[in-house]
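As structure tokens, the structure follows; a few thoughts come after it.
Every number in this text was worked out from the coordinates using simple rules, so none of it is lab data. All values reported here derive from a predicted model rather than from experimental measurement. Glycine gets a Cβ as well: all are built from the backbone with ideal geometry, and neighbour counts include every protein chain shown.
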Amino acid sequence: MTDLGLVGKRVLVTGAASGIGLETARLLAREGAALVLMDRDEPALDAVAGELRAVARIGGDVTREDDCEAMVAAALSAAGGLDGLAHCAGVSDHVARALEIDIDQWQRIVDVTLRGSFLACRAAARVMLEQKSGSIVTMSSVRGVIGSPRRHAYGPAKAAVSMMTKNLACEWSLHGVRINAIAPGFIRTPMVQRLVDDGKIDERILADRTPMGRLGLPLEIARVSAFLLSDWSSYIAGVTLPVDGGWLAYGGAGPVATH
Ligand SMILES: NC(=O)c1ccc[n+]([C@@H]2O[C@H](COP(=O)([O-])OP(=O)(O)OC[C@H]3O[C@@H](n4cnc5c(N)ncnc54)[C@H](O)[C@@H]3O)[C@@H](O)[C@H]2O)c1
């Protein structure tokens, strides 16, 4: 067995009530981390915090600066410091053609994705830079790497999260704080299930276009987050790591099996 060295590490997980954040919190709990959990869905968050015996839980919206500062203050008062941030809070695509997009919906997706990531990372780094140690993981997406029609808020904002992660790594690495992004492919979470149910994406087409022939599991993202939070990734900074079953590697047209 590999020991990631996360026992007793104080880790804040945003978006902890569902999907990738929930599975990340569960894995970190199994690894012995002291968890501070944040989400805007407070009833669901309460249940998760109870299940995982989190040291603190706090409801809030990552687009609000005071909520981001409050979640870090909660970590400080409950755990005395902050060693890691897994920033998983996010919203899905507003799938619409550019000429038809509702600009308020566009703005909300950009705000949750980019402003929320910046505010959460900055709040955590205030403490980590003082400590001169810490590791932060942000969530980009394969949609932030390749171009897609009808994804005019989500994809560009995810590309910006990757660039933000690079820039912050350039500023913070020398001071003991690492920051990296993960670009998940298509992961079986409630977010993706809602898109499937609404007919916005076709699960079979996505699986066929994925070299591994299937969607990913939230645990497969959680494991990479745990690795990036741990000292096993001690010389990795500023990367966006695709975790996508080979989806970005494939440059052909149509299902992989037909090539
Ligand atoms: N599932 C995928 O296939 C996939 C692919 C690429 C990237 N991602 C990214 O991974 C992250 C997690 O996605 P998921 O699939 O687990 O989604 P999810 O909908 O299952 O979970 C997202 C969680 O974030 C919370 N949240 C949303 N907006 C918030 C806000 N403003 N403040 C606080 N909490 C908020 C929600 O309440 C929810 O609990 C997102 O950033 C998403 O864009 C997911």
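Segment Leu129..Ser173, full-extension length gain: 14.9 nm, with 0.36 nm per residue of separation and the alpha-carbon distance subtracted.
Here each label is just a point 7 Å from Cα along the line to Cβ, and for Arg204 and Asp102 those points are 3.1 nm apart.
Where the alpha-carbon atoms of the stretch 31-170 are placed on the principal axes, they occupy 49, 37, 28 Å, in descending order. DSSP assigns beta bridges within the chain; of those with both partners inside it, close to 0 percent run antiparallel. Lysine pairs in the chain whose alpha-carbon atoms fall under 20 angstrom of each other, counting only those eight or more residues apart or on distinct chains, come to 4. Using 0.36 nm per residue and subtracting the Cα-Cα separation, the extra length available between Asp41 and Tyr250 on full extension is 71.6 nm. Which log10 I(q)/I(0) values, to two decimals, does the stretch 123-174 give at q = 0.13, 0.14, 0.16, 0.23 Å⁻¹ under the Debye formula with one point per Cα? At q = 0.13, 0.14, 0.16, 0.23 Å⁻¹ the computed log10 ratios are -0.40, -0.45, -0.54, -0.82. When Glu69, Glu220, Glu51 are sorted by how many other C-beta atoms sit within 10 angstrom of their C-beta, beginning with the fewest, the order is Glu51, Glu69, Glu220.
Shape summary: the chain maps onto an equivalent ellipsoid whose semi-axes, from the alpha-carbon gyration tensor, are 29, 20, 18 Å in decreasing order. The label point for Leu217 and the one for Ser234, both projected 7 Å from the Cα toward the Cβ, are 3.1 nm apart.
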